[in-house]
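Encoded as structure tokens, the structure appears first; notes follow it.
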Amino acid sequence: MKTYFDHEKLDVYRESIVFCSWVGDLLSEITSKAAANDQLNRASTSLPLNIAQGNGKFSDADRSRFLEIARGSALECAACLDVLVARRLIAAERIVPAKEQLARIVKMLMGMLKRFSGRAEFLREDEGTYPSEYDHDHEREQERE
């Protein structure tokens, strides 16, 4: 496919378009009118749109803002998939490849954010799990009770 714009050359953009297509196929199969369906549709659409818009910005701060929004949309998509499984609208096995794809997208966005964002030290998604400080703080709260 011929590229016309710079964002079309980005692996993260192309991956997000593939994910968006998968979501379209999935949602066409779900007959229920769950709120998560609509939210998944919007968040999956927001993902490539914000990547494209961010890539077109000249300042690092503007670029980072849109990449952060795209990252948030990817995380929102993952949560929507969890909700659809919890409500038994899709099988858990069905979302595994999509969640793996979202994890790759988030990692790519994190790489871009670390390059352009002055707040990169606050972004922890690339670690694969949430930091252990939460567990430690949570244990202290339980000990106080």
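Evaluate the distance, in nm, between pseudo-label points positioned 7 Å from the Cα of L27 and of F58 along their respective Cα→Cβ axes.
3.5
Taking the Cα centre of the range 1-63 as the origin, how large is its charge dipole in debye, to the nearest 20, when only Lys and Arg (+1) and Asp and Glu (-1) carry charge on their Cβ atoms?
100
Please list E100, E76 from largest to smallest accessible area, probe radius 1.4 Å, with all protein chains kept in place.
Largest accessible area first, the residues go E100, E76.
How do M1, M112 rank by accessible surface area computed with a 1.4 Å probe, from largest to smallest?
Putting M1, M112 in descending order of accessible area: M1, M112.
Pull out the extension gain between D6 and R94, defined as 0.36 nm times the separation in residues minus the alpha carbon to alpha carbon distance; nm, one decimal.
28.4 nm
The values are calculated or read from the model by the stated rules, or taken from the named source; none is laboratory data. What you are looking at is a predicted structure, and each value in this text was computed from that prediction instead of being measured. Cβ atoms come from the backbone with ideal geometry, glycine included; neighbour counts cover every protein chain shown. For accessibility, only protein heavy atoms count, side chains too; no ligands or nucleic acids. Shrake-Rupley method; radii C 1.70, N 1.55, O 1.52, S 1.80 Å.
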